[in-house]
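The values are calculated or read from the model by the stated rules, or taken from the named source; none is laboratory data. Everything numeric in this text was worked out from a predicted model, so none of it was measured. Reconstructed Cβ throughout: ideal geometry from the backbone, glycine too, with neighbour counts over all protein chains shown.
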Amino acid sequence: MRTEINHIVRTPLYWLVLIAGIGARTVFAYLDFKHRLDSYWTLSDEYWSRLGSITVAFLILLVLIHRFSVDYENNTYPVIASTAYGRKKLYFERLAAGCLMAILGVVILTIANIGITLTIGRCFITPTDWLYGFASHTIVVIVGAVGYFLVSAFVCDTISNHPASMCICGLPLGISYFINIGIIEEFDLFWFIRYGFFTELLRGRWISSLPAFWGIWYPVMIVGVFILSIYRRKERKLL
Amino acid sequence: MKLVFENISKLYGDFPALSGINLSLENGVYGLLGPNGAGKTTLMRIMTDLLKPSTGRVLLDGKDIALLGADFRRRLGYLPQDFGFYPNYTAEQYLLYIARLKGLTGFEAKKQTGALLEMVGLYEKRNQKMKGLSGGQRQRVGIAQALLGDPDILVLDEPTAGLDPEERIRFRGIISNLSRQKTVLLSTHIVSDLEAVANEIIFLKKGHVLTVQKPHDLLRELDGMVWTVSVPSENERGFTEKYPCSNIMHDGEMSVMRILSKQKPHNAAAPERPNMEDLYLYHFG
Ligand SMILES: Nc1ncnc2c1ncn2[C@@H]1O[C@H](COP(=O)(O)OP(=O)(O)OP(=O)(O)O)[C@@H](O)[C@H]1O
Ligand SMILES: [Mg+2]
């Protein structure tokens, strides 16, 4: 497990994505401060709604799920799978390490957003209401990030192809940003895409439309893709 | 320790890569010899539990290796034919990674990694990224990873491919220095390697085992069957069409040929001591 975490920590891309996200946030915070000072705190609270969630999604798709196809890309799986712990144990270690690093990413972005907001707002006394609101959104983001990571990782492990997994998992998420909540109706396709692929959670909001339905849908989806990956692994003798 | 292949066959679609293999391996070095496509790699992948056979099973001391799982793999070292590596890992990082997957403690992993890098002559290059190593150097990292954890079953698929003569000699030294308590199965096309290290040779042809014998017994079979003949170059065709020919050397107007024949092929033919190449030709030529 330590080895797997070490590996991600030593991946420059992980830090690059975070730095890019934080850099962009700094620019936006500065612009908000200059031009939209009256809604400065609200905009900062909505960090997860766009920039934050996009950064987390990139982190998961570009960096974290790559561990699940790397042995096929480099053709190292015969060696890995012939070691005592290279099958089941390694798989679960990679899943756990990915979850932890996804959470770490969210935590780093949270701290960065708080720091940037306070520094640029020149307010070193934190408005507690704001902080409380932002923290409660962050908890939802963590749940969403772990869920989204797990599903993407299972997909990447099943098809063993990183670019294809990025498309499969990134597309519904990307599209959902352009869907206007105001004009969708329950149970139509866009409603499903908008709520069914972690968008709301990654953006820091619990789902308001039919929460009970989604409360069943998400566990079923995660378990379903997990079973698929287990089935593929059995087929390839990787369990 | 005893490894038994029980009626192993493998179909790819409806192409039989292996059919009805029955073998029993005990301690010692086994050389697996056969032409391209004979099924050597397939047999080794089945033996390392990476590929499910279409029929049959492999037993280690009477237990199915697929059921033994990690308990079997703990005792296994495997070098695949097309050895893959992580381009951005150094040789040392790669070995440490594999060592941890083999269940070695951090201390043991460090110790063995250092010793093995020394053994394959890469200690100076240990901090170089693997994408910067030459093909033969990578292959040596592959040999080192197979030896990590001191496994008592070693499966090496063309370990000497890409090695220069000096490294091949070093490799033979490594194999012959292994404890006698190990089972080593290695495949190679460099038949002279086998003569030096193998206790037994398994001939595989089109998915069938032809024979399993000791090298010198096999060579003795060919006693009196290998000849050199020196003939004018224009007569060369007549001989190559009639006899298997393991070597032809052109010396001015003359062709010096090394041929296999039960009878003396020519009045001026001189008998020769058979070698492994003759043997290969005899079985597969
Ligand atoms: N994945 C596969 N799908 C279909 N056919 C395969 C597959 N792998 C191997 N084969 C076929 O099985 C036969 C045996 O292949 P194998 O790789 O075991 O040969 P080999 O003895 O290792 O040859 P080489 O000396 O070239 O390494 C070949 O004819 C090959 O075409
Ligand atoms: Mg082969």
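Key figures for this structure:
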read-out: Residue count for the stretch B:3-18, restricted to those that are more than 14 Å from ligand 2 (Cβ to nearest atom), at negative phi and either at pLDDT below 95 or of a type in the set (A, V, I, L, M) (or both); value: 5
read-out: Tally, over the stretch B:243-285, of residues that are in a loop (DSSP other than H, G, I, E, B) and among the charged types (D, E, K, R); value: 5
read-out: Selected residue (only one of B:Leu60, B:Leu95 is more than 10 Å from chain A (Cβ to nearest Cβ), closer than 12 Å to B:Leu148 by Cβ and crowded, with 16+ Cβ neighbours inside 10 Å); value: B:Leu95
read-out: Tabulated pairs, the stretch A:177-188, first closer than 14 Å to A:Glu200 by Cβ, second aromatic (Phe, Trp, Tyr), C-beta under 7 angstrom, 6+ apart or interchain; value: A:Ile179/A:Phe190; A:Ile184/A:Phe190; A:Ile184/A:Trp191
read-out: Top-ranked residue in the stretch B:143-162 [being part of a loop (DSSP other than H, G, I, E, B) and either within 16 Å of ligand 1 (Cβ to nearest atom) or among the acidic types (Asp, Glu) (or both); ranked as farthest from B:Asn27 (Cα to Cα)]; value: B:Gly162
read-out: Residue count for the stretch A:70-107, restricted to those that are outside any helix (DSSP H, G or I) and either aliphatic (A, V, I, L, M) or surrounded by 20 or more Cβ atoms within 10 Å (Cβ to Cβ) (or both); value: 6
read-out: Neighbours by Cβ (under 7 Å, 6+ apart or cross-chain): first from the stretch B:29-44, within 14 Å of another protein chain (Cβ to nearest Cβ) and β-branched (Val, Ile, Thr); second part of a strand (DSSP E or B) and near ligand 2 (Cβ under 8 Å from one of its atoms); value: B:Thr41/B:Asp157
read-out: Residues of the stretch B:117-132 satisfying the condition of being surrounded by 14 or more Cβ atoms within 10 Å (Cβ to Cβ) and within 14 Å of chain A (Cβ to nearest Cβ); value: B:Lys129, B:Met130
read-out: Checking B:Gly114 against (1) more than 21 Å from A:Glu4 (Cα to Cα); (2) more than 24 Å from the chain's Cα centre (by Cα); (3) loosely packed, with under 14 Cβ neighbours inside 10 Å, the condition it does not meet; value: (3)
read-out: Tally, over the stretch B:22-41, of residues that are within 12 Å of ligand 1 (Cβ to nearest atom) and assigned to a strand (DSSP E or B); value: 2
read-out: Breaking point among (1) within 16 Å of ligand 2 (Cβ to nearest atom); (2) surrounded by 19 or more Cβ atoms within 10 Å (Cβ to Cβ), for B:Ser246; value: (1)
read-out: Candidates A:Gly170, A:Gly196, A:Gly182, A:Gly105 - the one that is touching a Pro at 6+ places or on another chain (Cβ under 9 Å) and of a type in the set (Gly, Ala, Ser); value: A:Gly196
read-out: A:Arg2 being at negative phi, basic (Lys, Arg) and without any contact (Cβ under 8 Å) to a residue 60 or more places away in the chain; value: yes
read-out: Residue tally, condition in a helix (DSSP H, G or I) and either farther than 22 Å from B:Glu195 by Cβ or away from ligand 1 (no atom under 16 Å from the Cβ) (or both), over the stretch B:42-71; value: 10
read-out: Residue in the stretch A:50-67 that is within 13 Å of another protein chain (Cβ to nearest Cβ) and either in contact with a strand residue (DSSP E or B) (Cβ under 6 Å, 6 or more places away or on another chain) or crowded, with 18+ Cβ neighbours inside 10 Å (or both) present; value: yes
read-out: Unmet criterion (only one of (1) more than 10 Å from chain A (Cβ to nearest Cβ); (2) crowded, with 20+ Cβ neighbours inside 10 Å; (3) of a type outside the set (Val, Ile, Thr)) for B:Pro165; value: (2)
read-out: Check on B:Arg100, free of Cβ contacts under 8 Å to residues at least 60 places away in the same chain, more than 10 Å from chain A (Cβ to nearest Cβ) and part of a helix (DSSP H, G or I); value: no
read-out: Search result, residues across the stretch B:73-84 that are more than 12 Å from ligand 1 (Cβ to nearest atom), at pLDDT 95 or above and crowded, with 21+ Cβ neighbours inside 10 Å; value: B:Arg73, B:Leu76, B:Gly77, B:Tyr78, B:Leu79
